[in-house]
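K.L.:
Pasting in a structure now, in C-alpha cells, and then I'll have a few things to ask.
The values are calculated or read from the model by the stated rules, or taken from the named source; none is laboratory data. Note that the structure is a prediction, hence the values are computed from the model and not measured. Ideal geometry is used to build each Cβ from the backbone, glycine not excepted, and the neighbour counts take in all protein chains shown. What goes into the accessible areas is simple: the full protein's heavy atoms, side chains included, and nothing from ligands, DNA or RNA. Shrake-Rupley method; radii C 1.70, N 1.55, O 1.52, S 1.80 Å.
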Amino acid sequence: MAAINSNLDFICANWSQDKPKCTRTGKLACKECKLVLYCSSDCQRAHWKTHRPDCRDNPLVKVNWRPRWETESRVPAFMGGPRQQAFNHQRKYLWGNVPAFDLVNISSNEGVSYTKGLNLLFAASGDLRNVIKTVISIPDAFRNPFKIYMNDRDGDVVGRNAIMLLLALTEDDAAIATENIIHLWYSAFIPQSLQDTLKGKIRGLVQGICSKIEGKSSDAILAKTWSFGSRSLRLVLTKEQWFNLLSSLEPPPNLTIERAREIRRNITLAGSRLDFRERKYFAQPPGLRASAQKFRKDGVLFPFGTPRASFTIPNPTLFRNTDSWPMKDDADPLHGWQMSEISAVSSGTATNDIYGKLFVLLKDLLARFHRRLGTLDVSFHLLNVNAEDLHDYVKPTTFDRIEVSNISDAGYLGMPRTIGYIGRLLKQPNENPNATLVALFLNAVDEMYDDSEKRKAVESEIKQVWSYMPPRPPTGPYDADIIIGDVATQQVRDVDKHFNSYMKMQNFAMLTELSGMEFKRQHTIIDPWPLRLKKKPHQKGAKEEFLTLLSSGHSGCERYMEWRHKRA
C-alpha cells in the first residue's frame, strides 16, 4: 500500500471546535504518552491542563500498570463462580470482527486483462469492509459490468450499508463523503452537518418509496433502484423494513446527548465488566489501552487529540430507541482491519495513537473507494433475507465469487447446508474456472480443543508462549501475566491438527463426493490462516508479531476455505 499523507488529520492538539486556538499541523508528540501532537512547545504548555488527565494522571498509560483484580488480591469476574450470563443480550454485529480482504484478487485469478463482467455475492455481508477492499483492488483498466449483491438477515446491517453507499453515491466531494461514512459507521455521535445530510437528501430518497407503499401490508415487498450515471443501487425490502430504514435517519424523539452517552457507557464501561476490560487491556501496549478506554468513553472515531465538541447528535443508525445500545461492550472498530496495516500509517511522532491511525487509514480507503465508484460500471443489490432463501431473490444470476462469512460454522448453517443453499449460485467452471466460494470458520478449532486436548497440549503450549514472552515470578494465584499467558496459548496452537480433525468430524470428504464441489488445496483469494503467526520465536520480529496478535482481539485460529465446483 502506498504511503498515506496524514498531516492534515493530526493537527496540533491545542485546539477546540468552539474556540479555535491552533490549526497548524502537529509535529511534536507528548513524550509521556505519544498520543497527541503539538506544533510547538508553547502550545503543549498551554494545553497541558487539558491533556494531563489523559496522560500523566491516567494509570493505563503507565508501562507498569496492573489490573485491579491483581492489585486488590481478588478473584477476577471471568474466573470461578456462577457461569457468566451473556452481557447486553441485543449483541448486534454492526462492525466486522475479522480483517477485511479483497474477494476477487483478480491478478491471481482471472488476470488483470479479463474482459468479462464480474458478479459478486456477499451472502452474510455484515458491514461494508470487504466490499470496499474488493472495489479498490479492481484495476483501473477494468471497465466491464460489475454486480455486487449484499445480503444480511439483520435489517439494521442492511439499512446502514444502504445509507453509507448512498452517502458515497450522492456526494461528489470525496472528503465530505469519506468522513460522513466513517462517522455513520463507527462513531456513536455525529455532527449536525451529517445529520442534515441524512434528514435531507438521504431521507428524500427513502421517503418517496414509503409514501408509495403506505397502504400496503407490512410484509409487502418493494424493490427500488436509484441510478447515478453508470452506477446504481437496488434495495429490496418489505414495507416494515422500508419504514425502519426511514426511522433510522433521525435519532428517537426526546433522546438527549446526555442520555445517549449514559446508555452507551452503561454497556461499554459497565462496572460488572471491569475485569473483562482490564484483561484485554493488559494484553495491549499502554498507548492502545488508553486509546481504547477513550473510545469506550466518548465513542467518536478520531485522532486522540482532535476535539469532539461538534459531535452532539446520537447516531440514529445505532440509537434506535431511547433505552439501549445495540452492540457488545467489547465491539471495536479495530477488529475489522489488519493491525499491521493500521500500525503502518504514519502519525508523526504520536506513534501510540492507534485509533487515529485507523481513522486516517479509513479516510484513504474510502477516498479510493469513492474515486473508483466514479469510473466503474457498478450496480449494488442489497437484500435482507435468510441466506437459505437467496436463490429465490437472485435467480437467474450466478456468481464469480461468493463470500459467506462464518455462517459455514457448525453452529450456524454449517458447510453442508451452505453448499446446498448457496454453493449452487456459484458459476460453473465452463463459465469461469476461477469462480470461488469463500467460507470462514471462527469456531472450528475451539470446538475440537476440548478438555482432553487441553490436558495433552497445555504444557507444550505454555512453553511456546514463554519463548515469546518469558515468565516472571507470579504475584499471586491470579497473576495477570499467567492469565494473559493462558490466553496467548491459542496463538501457538496446532491449528492444522485441530482443523483436520474438524473436517473429519464434519465429513468433508463425503460432502465433496455428494455435492459436486471441492475445497481448493491452493488458495488464490486469501491465506487459509491469515492471522496465524508467521515467524518462529528465534526470528527477527517474532516477538513483535506475537504481541501485535495478542493485542489485536484475534486468536490466529481463524480459518478460511475456498470452494469451487469440480471440474469435469
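K.L.:
Taking the stretch 103-116 as the search range and keeping residues that are open to solvent by 10 Å² or more (accessible area, probe 1.4 Å) and touching a residue at least 60 places away in the same chain (Cβ under 8 Å), which one is nearest to Arg143 (Cα to Cα)?
P.N.:
Lys116
K.L.:
Looking at this structure, is Val98 under 30 Å from Leu269 (Cβ atoms), touching a residue at least 24 places away in the same chain (Cβ under 8 Å), of a type in the set (Val, Ile, Thr) and in contact with a Leu (Cβ under 8 Å, 6 or more places away or on another chain)?
P.N.:
yes
K.L.:
Taking the criterion of being closer than 30 Å to Gly287 by Cα and open to solvent by 60 Å² or more (accessible area, probe 1.4 Å), would at least one residue in the stretch 501-512 satisfy it? Full working, then the answer.
P.N.:
To start, the set of residues in the stretch 501-512 that are closer than 30 Å to Gly287 by Cα comprises none.
No, there is no match, as no residue in the stretch 501-512 is closer than 30 Å to Gly287 by Cα and open to solvent by 60 Å² or more (accessible area, probe 1.4 Å).
K.L.:
Does any residue of the stretch 143-159 turn out to be of a type in the set (Val, Ile, Thr), out of contact with any strand residue (DSSP E or B) (no Cβ under 9 Å at 6 or more places or on another chain) and crowded, with 18+ Cβ neighbours inside 10 Å? Spell out how you get there, then give the answer.
P.N.:
The initial filter retains those residues of the stretch 143-159 that are of a type in the set (Val, Ile, Thr), namely 148, 157-158.
Narrowing further to those that are out of contact with any strand residue (DSSP E or B) (no Cβ under 9 Å at 6 or more places or on another chain): none.
No, every residue in the stretch 143-159 fails to be of a type in the set (Val, Ile, Thr), out of contact with any strand residue (DSSP E or B) (no Cβ under 9 Å at 6 or more places or on another chain) and crowded, with 18+ Cβ neighbours inside 10 Å.
K.L.:
Residues being assigned to a loop (DSSP other than H, G, I, E, B) and either open to solvent by less than 50 Å² (accessible area, probe 1.4 Å) or among the aromatic types (Phe, Trp, Tyr) (or both): count how many of those fall in the stretch 237-268.
P.N.:
Total meeting the criteria: 5.
K.L.:
Still on this model: Of the residues Thr197, Thr134, which is within 23 Å of Ala387 (Cα to Cα) and among the polar types (S, T, N, Q)?
P.N.:
Exactly one of Thr197, Thr134 is within 23 Å of Ala387 (Cα to Cα) and among the polar types (S, T, N, Q), namely Thr134.
K.L.:
Something else: Of the residues that make up the stretch 314-335, is at least one of a type in the set (Val, Ile, Thr) and buried (at least 19 other Cβ atoms within 10 Å of the Cβ)?
P.N.:
Yes.
K.L.:
Please state which of the following conditions Leu198 fails to meet, knowing it meets all the rest: (1) touching a Phe, Trp or Tyr at 6+ places or on another chain (Cβ under 8 Å); (2) open to solvent by less than 10 Å² (accessible area, probe 1.4 Å).
P.N.:
Evaluating Leu198 over (1) touching a Phe, Trp or Tyr at 6+ places or on another chain (Cβ under 8 Å); (2) open to solvent by less than 10 Å² (accessible area, probe 1.4 Å) leaves (1) as the failure.
K.L.:
Looking at the stretch 78-95, which of the residues that are within 23 Å of Gly126 (Cβ to Cβ) and modelled with pLDDT under 95 is most open to solvent (accessible area, probe 1.4 Å)?
P.N.:
His89
K.L.:
Hey, among the residues in the stretch 204-236 that are assigned to a loop (DSSP other than H, G, I, E, B) and hydroxyl-bearing (Ser, Thr, Tyr), which one's farthest from the chain's Cα centre (by Cα)?
P.N.:
If we filter the stretch 204-236 for residues that are assigned to a loop (DSSP other than H, G, I, E, B), which is where we start, we get 213-220, 229-230.
With the extra rule that they be hydroxyl-bearing (Ser, Thr, Tyr), the set shrinks to 217-218, 230.
Details: Ser217: 36, Ser218: 32, Ser230: 29 Å.
Per the stated criteria, the residue is Ser217.
K.L.:
So Val360 passes all but one of these: (1) part of a helix (DSSP H, G or I); (2) of a type in the set (A, V, I, L, M, F, W, C); (3) within 22 Å of Tyr149 (Cα to Cα); (4) open to solvent by less than 20 Å² (accessible area, probe 1.4 Å). Which condition number does it fail?
P.N.:
(3)
K.L.:
Scan the stretch 528-568 for residues that are small (Gly, Ala, Ser), at negative phi and buried (at least 17 other Cβ atoms within 10 Å of the Cβ) and jot them down.
P.N.:
Ser551, Ser552, Ser555
K.L.:
Does the stretch 415-453 hold any residues that are within 27 Å of Lys497 (Cα to Cα) and over 30 Å from the mean Cα position of the chain (by Cα), and which are they?
P.N.:
Passing the criteria: Asp451, Ser452, Glu453.
K.L.:
Do we have any residue at all in the stretch 389-409 that's surrounded by fewer than 21 Cβ atoms within 10 Å (Cβ to Cβ), over 24 Å from Met164 (Cα atoms) and touching a His at 6+ places or on another chain (Cβ under 8 Å)?
P.N.:
No, every residue in the stretch 389-409 fails to be surrounded by fewer than 21 Cβ atoms within 10 Å (Cβ to Cβ), over 24 Å from Met164 (Cα atoms) and touching a His at 6+ places or on another chain (Cβ under 8 Å).
K.L.:
Testing Leu118 on (1) over 19 Å from the mean Cα position of the chain (by Cα); (2) more than 24 Å from Ile419 (Cα to Cα), one condition comes back false. Which one is that?
P.N.:
Just one mismatch for Leu118, condition (2).
K.L.:
Quick check on Glu518: is it among the acidic types (Asp, Glu), farther than 26 Å from Ile484 by Cβ and surrounded by fewer than 19 Cβ atoms within 10 Å (Cβ to Cβ)?
P.N.:
Yes; evaluated as a whole, the condition is true for this residue.
K.L.:
List pairs: first in the stretch 215-237 and free of Cβ contacts under 8 Å to residues at least 12 places away in the same chain, second open to solvent by 50 Å² or more (accessible area, probe 1.4 Å) and not hydrophobic (A, V, I, L, M, F, W, C), Cβ under 7 Å, 6+ apart or cross-chain?
P.N.:
Pairs found: Thr225/Arg234.
K.L.:
May I ask you to list the residues in the stretch 377-388 that are in contact with a Lys or Arg (Cβ under 6 Å, 6 or more places away or on another chain), closer than 20 Å to Glu240 by Cα and open to solvent by less than 40 Å² (accessible area, probe 1.4 Å)?
P.N.:
Going through the stretch 377-388, the residues in contact with a Lys or Arg (Cβ under 6 Å, 6 or more places away or on another chain) turn out to be 378-379, 381, 386.
Adding the requirement that they be closer than 20 Å to Glu240 by Cα leaves 381, 386.
The answer is His381, and nothing else.
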